[in-house]
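Just passing along the structure, written as structure tokens.
Values in this text are rule-based calculations from the coordinates and carry no lab data. Bear in mind that the values here come from a model prediction, so they are computed numbers and not experimental data. Here the Cβ is made from the backbone with ideal geometry for all residues, glycine too, and neighbour counts use every protein chain on show.
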Amino acid sequence: MSHAGKKRKLDKTRQDRLYFDSYSDVTIHEDMIADHVRTNTYRTAIFSNSESIKGKVVLDVGAGTGVLSIFCAQAGAKKVYAVEACSIAEQAVEIVKQNNVEEIVEIIRGTVETVELPEKVDVIVSEWMGYALLHESMLNSVLFARDKWLKPGGVILPSRAELFITPISDPVVEDRLYFWYTVKDRYGVDMSSMSDFAQKCIKNSDITVNTVAMEDVLSHPARFAELDLYLVTVEELRAVKGRFTCESFGSAAVNAFCVYFTVTFPCPEKAESLVLSTCPFNPETHWKQAVLYLDSPVEVVQDTPITGEVSMFPSEDGSRHICIHVDYSIGEEKRQSKTFSIPDWTSDPQS
Ligand SMILES: C[S@@+](CC[C@H](N)C(=O)[O-])C[C@H]1O[C@@H](n2cnc3c(N)ncnc32)[C@H](O)[C@@H]1O
């Protein structure tokens, strides 16, 4: 292996260690389990698919505390392999015992890419979604498990993911910029020159994870990508892209785009499938929405067309971070583009 190749590999190992460490703490699991929309939709989906689960073998990819594995046992699974890479697996062992399903749920500590199972599985369940759907790149691991362990004709829960974009007008950010013009009236010191600096800091190229208020959404959201989990490949995840067209509801200043996702579970017993939605019009989830601030606001009136193309790709630095590139036109304004990425929240003492 060349030196450069070795360096990349070491980087990936370190990135993975940081990633799995982030799941070793209680807070992240608390946030996920407490997210009623998330946890209850998975629970409902698993019980609604009990015909596919009863007496069958299930693989839970990234089992965490084991909650989804236990739902599957409660829905009648014969065996559940609960694969979890980080130390939260130790807690999962206790939780499984506490719920008297240790005969059914087997916690396996390791990455799904490296563990060996004694058999192929009928069902894969996984909660793999990150901010803006693809942050964390965990879907790659689910696809690896699908290709290696799912029997032909097996079931994947959820089975489809969709990405949406909509223009928004975020008043808070404009208020923050205007704030610097108000300082003189308050304290007799003119700090209006800070506005440009504030603009650079706030309207940077970070993906901001925030709750978008329903009333700040300026058009019907447009779907720009759909992933069929039975078919999509890791190669295709290297560039998930699509075009969008929106028309503004009324007069406003567009100062950001909001990106969000849904995942869909088949529901054989019901006429409609079950959707876990992170849309601003739906109850809030811990994923909130991904907000992409434009460099400057653009005025729109009713029916102004807002069109463009979104492209999502993993960051080239080897991290599991996602980048979002938006190429857009708003009304008569000239076409613009901006690339956004998730800021690095992690700190690695060895880096
Ligand atoms: C979003 S959490 C979901 C946890 C749990 N399934 C739940 O619903 O509460 C994802 C979990 O998957 C684990 N994970 C991510 N990639 C993995 C992989 N390749 N192999 C095994 N575990 C993985 C993480 O450590 C984390 O605990």
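Along the three principal axes, how long is the stretch 123-261 when you take its alpha carbons, biggest first, rounded to the nearest angstrom?
Projected onto the principal axes, the Cα atoms of the stretch 123-261 cover 72, 29, 21 Å.
Still on this structure, I have one more. Taking the Cα centre of the stretch 41-188 as origin, sum charge times position over the Cβ atoms of Lys and Arg (+1) and Asp and Glu (-1), and report the length of that vector in debye to the nearest 20. Numbers along the way, then the final one.
On the way: 15 positive and 20 negative charges, 53 e Å.
Magnitude of the dipole: close to 260 debye.
With the crude spin-label approximation of a point 7 Å out along Cα→Cβ, what separation in nm comes out for PHE281 versus ARG243?
Modelled inter-label distance: 2.4 nm.
What FRET efficiency, computed as 1/(1 + (r/R0)^6) with R0 = 22 Å and r the Cβ-Cβ distance, is obtained for SER251 and SER337, rounded to the nearest 0.05?
Working: r = 25 Å, r/R0 = 1.14.
According to the calculation, E is roughly 0.30.
A follow-up question, please. Could you give the dipole magnitude of the stretch 132-270 about its Cα centre, charging the beta-carbon of Lys and Arg +1 and that of Asp and Glu -1, in debye to the nearest 20? It would help to have the intermediate numbers written out before the result.
Numbers: 14 positive and 18 negative charges, 86 e Å.
About 420 debye.
Ok, one more. What is the Cα radius of gyration of the stretch 179-291 over 2.2 N^0.38 Å, N being its residue count? The partial results should precede the final answer.
Values: Rg = 19.8 Å, N = 113, 2.2 N^0.38 = 13.3 Å.
Against the empirical 2.2 N^0.38 Å value, I get 1.49 for the stretch 179-291.
Where in the stretch 55-75 does the amide nitrogen come within less than 17 Å of the point 7 Å from the Cα of GLU90, taken along Cα to Cβ?
Those under the cut-off are 64-66.
For LYS78 and CYS201, what is the calculated FRET efficiency with R₀ set at 56 Å and r taken between the beta-carbons, to the nearest 0.05?
Details: r = 55 Å, r/R0 = 0.99.
Efficiency computed from Cβ-Cβ geometry: 0.50.
Still on this structure, please answer the following. Starting from the coordinates of the alpha-carbon atoms of the chain, obtain the Kirkwood hydrodynamic radius over all distinct pairs and give the value in Å to one decimal.
Its Kirkwood hydrodynamic radius stands at 22.0 Å.
What does the convex hull of the alpha-carbon atoms of the stretch 3-127 project to on average, in nm²? Kindly include the intermediate steps, with their values, before the conclusion.
Numbers: hull surface 33.2 nm².
Value for the stretch 3-127: 8.3 nm².
Another question, then. Give me the one-decimal nm value for the distance between modelled label points at SER273 and ASP190, 7 Å along each residue's Cα-to-Cβ direction.
About 6.0 nm separates the two model spin labels.
Positive end of the dipole of the stretch 162-341, charges at C-beta (+1 Lys, Arg; -1 Asp, Glu), about the Cα centre: which of VAL275, MET191, SER219 has its Cα farthest in that direction?
MET191
So if I place +1 on the C-beta of Lys and Arg and -1 on the C-beta of Asp and Glu, and nothing else carries charge, what would the dipole magnitude of the chain be about its Cα centre? I want it in debye, nearest 20. Don't skip to the answer; put the middle values down first.
Working: 35 positive and 51 negative charges, 186 e Å.
Here the chain has a charge dipole of around 900 debye.
Where Lys and Arg each count +1 and Asp and Glu each count -1, what net charge lies around HIS325 among other residues with Cβ under 10 Å from its Cβ? Before the final figure, lay out each step's value.
Values: positive: LYS241, LYS338; negative: GLU309, ASP327.
For residues surrounding HIS325, the net value is 0.
Where does the charge balance sit around MET138 when Lys and Arg score +1, Asp and Glu -1, over other residues with C-beta under 10 Å from its C-beta?
Details: positive: ARG320; negative: GLU127, GLU136.
Result for the neighbourhood of MET138: -1.
May I ask you to compute the full-extension gain from THR44 to THR233, defined as 0.36 nm times their residue separation minus their alpha-carbon distance, rounded to one decimal in nm?
On the way: separation 189, 0.36 × 189 = 68.04 nm, distance 2.75 nm.
In short, 65.3 nm is gained.
What does DSSP give for the chain in terms of the percent of beta bridges that are antiparallel, rounded to the nearest 5?
Details: 55 of 74 bridges.
So the antiparallel bridges amount to about 75 percent of the total.
Let me ask something else. Under a Cβ-Cβ cut-off of 13 Å, what is the net charge of the residues other than VAL112 that fall near it, where Lys and Arg count +1 and Asp and Glu count -1? Walk me through the numbers on the way to the answer.
Numbers: positive: ARG109, ARG146, LYS148; negative: ASP16, ASP60, GLU84, GLU113, GLU116, ASP147.
Result for the local shell: -3.
Could you calculate the contour length gain from ASN99 to GLU299, that is, 0.36 nm times the residue separation minus the distance between their Cα atoms, to one decimal place in nm?
That works out to 66.3 nm of additional length.
Relative contact order, percent, of the chain when contacts are C-alpha pairs under 8 Å separated by at least 6 residues?
Result for the chain is 17 percent.
Identify the residues of the stretch 120-135 with backbone N under 18 Å of a label point that sits 7 angstrom from the Cα of ASP31 along the Cα-to-Cβ direction, or state none.
It comes to 127-135, nothing else.
Multiply the residue separation of THR111 and ASN210 by 0.36 nm, subtract the distance between their alpha-carbon atoms, and state the gained length in nm to one decimal. Could you put the intermediate results ahead of the total?
Details: separation 99, 0.36 × 99 = 35.64 nm, distance 3.04 nm.
Taking THR111 through ASN210 to full extension adds about 32.6 nm, to one decimal.
Same structure again: Thinking of the stretch 96-172 as a set of Cα atoms, what percent of all their pairs are more than 16 Å apart? Kindly include the intermediate steps, with their values, before the conclusion.
Numbers: 1886 of 2926 pairs.
Summing the P(r) of the stretch 96-172 above 16 Å gives 64 percent of all pairs.
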